[in-house]
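What follows is a single structure, written as structure tokens, with notes after it.
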Amino acid sequence: MPYSHAPQPTAPAPAAGGADIRLVVTDMDGTLLDDDKRTPDGLREVLALLRERGVLFSPASGRQYATLAREFAEVADGMVFIAENGTYVVRDGEELSSDPLDPAVVVRVVDAVRRLAAGGADVGAVVCGKRSAYVERADGAFLAEVGRYYLRHRVVEDVAAVEDDIIKVALFDFGSATETTAPALAPFTDTHQVVVSGEHWVDVMNRTANKGVALRRLQDELGITPAQTVVFGDYLNDLEMLDAADWSFAMANAHPEVVRRARHLAPPTTTTGCCAPWSGFSTCR
């Protein structure tokens, strides 16, 4: 996942006092956001405190860059967005890295989803480009789910024929992504990543792309070590980035594999939101 020639970020200064934390990375859905997709009260004040202490904050999500940028519009200056599960990384509107799919693979994945839908599965494809996301399904229920994560999306006649750099194909299944969609995409697992990123979502990406790869690239560019990095996550698409941080936290209500892989445990998002790394980790395992 090579970096572009865009201006590169500079390393922040060490945090004052306590552990030398320089980078805080958090997943969004199920981690920073509560069940109603709201950020915790006081988050803006916390982000200001992190900035004051020279700690870089980075959202890392399966969500689209435009969606993340809107969420943090008031405080986005200098923030690094690890979007689309690590396939697209942006700072101050400049691309830092991306990992586009081969167009032929996009066609094959879309065809597989069409066959799945023709067989009765309530599923639809979201073809994720750098400029926009593209869908063929135009029913209100499907578009409502797409709109949660993809601020910029368009209904087109053929999602496999759009002119854009496609960085991911996401599949939304109104049933169980694990039981229906993921098995149907098994033929792609020999050459690509097929990642269950939520109860209803499956993502198809290049093998070279995930949140962890993007985070390690960022750490290298900034001169930040895993010991200086805090990561929060809750689902299977967070595993690799948890491995990239000594201070790795699973939410208490996270997927069991995430809880097993993380070094620490944070309170569940349904009650108190993301564990506060600046609090001395007193509430965490």
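The values are calculated or read from the model by the stated rules, or taken from the named source; none is laboratory data. Quick caveat, the model's predicted, so the values are computed rather than measured. All Cβ positions, glycine included, derive from the backbone under ideal geometry; neighbour counts span all protein chains shown. We work out accessible area using only protein heavy atoms, side chains counted, and drop any ligands, DNA or RNA first. Shrake-Rupley method; radii C 1.70, N 1.55, O 1.52, S 1.80 Å.
Of the set (1) open to solvent by less than 20 Å² (accessible area, probe 1.4 Å); (2) under 26 Å from Val202 (Cα atoms); (3) in contact (Cβ under 8 Å) with a residue 60 or more places away in the chain; (4) of a type outside the set (Phe, Trp, Tyr), all apply to Glu95 but (1).
Thr269 meets the conditions (1) open to solvent by 10 Å² or more (accessible area, probe 1.4 Å); (2) at pLDDT below 95 in every case but one. The failed one is (1).
Filtering region 234-258 to residues that are of a type in the set (Phe, Trp, Tyr) and modelled with pLDDT of 95 or more leaves Trp247, Phe249.
Out of Arg63, Arg51, Arg38, Arg70, one residue alone is modelled with pLDDT of 90 or more, part of a loop (DSSP other than H, G, I, E, B) and of a type outside the set (S, T, N, Q). It is Arg63. Of the residues making up region 174-221, those that are open to solvent by 10 Å² or more (accessible area, probe 1.4 Å), touching a residue at least 24 places away in the same chain (Cβ under 8 Å) and aliphatic (A, V, I, L, M) number 4.
Assessment of region 136-149 against the conditions (touching a Phe, Trp or Tyr at 6+ places or on another chain (Cβ under 6 Å), open to solvent by less than 20 Å² (accessible area, probe 1.4 Å), of a type outside the set (Val, Ile, Thr) and under 23 Å from Leu33 (Cβ atoms)) yields no matching residue. If we scan region 223-235, do we find a residue that is over 20 Å from Tyr149 (Cα atoms), free of Cβ contacts under 8 Å to residues at least 40 places away in the same chain and of a type outside the set (Lys, Arg)? Yes, some residue in region 223-235 is over 20 Å from Tyr149 (Cα atoms), free of Cβ contacts under 8 Å to residues at least 40 places away in the same chain and of a type outside the set (Lys, Arg).
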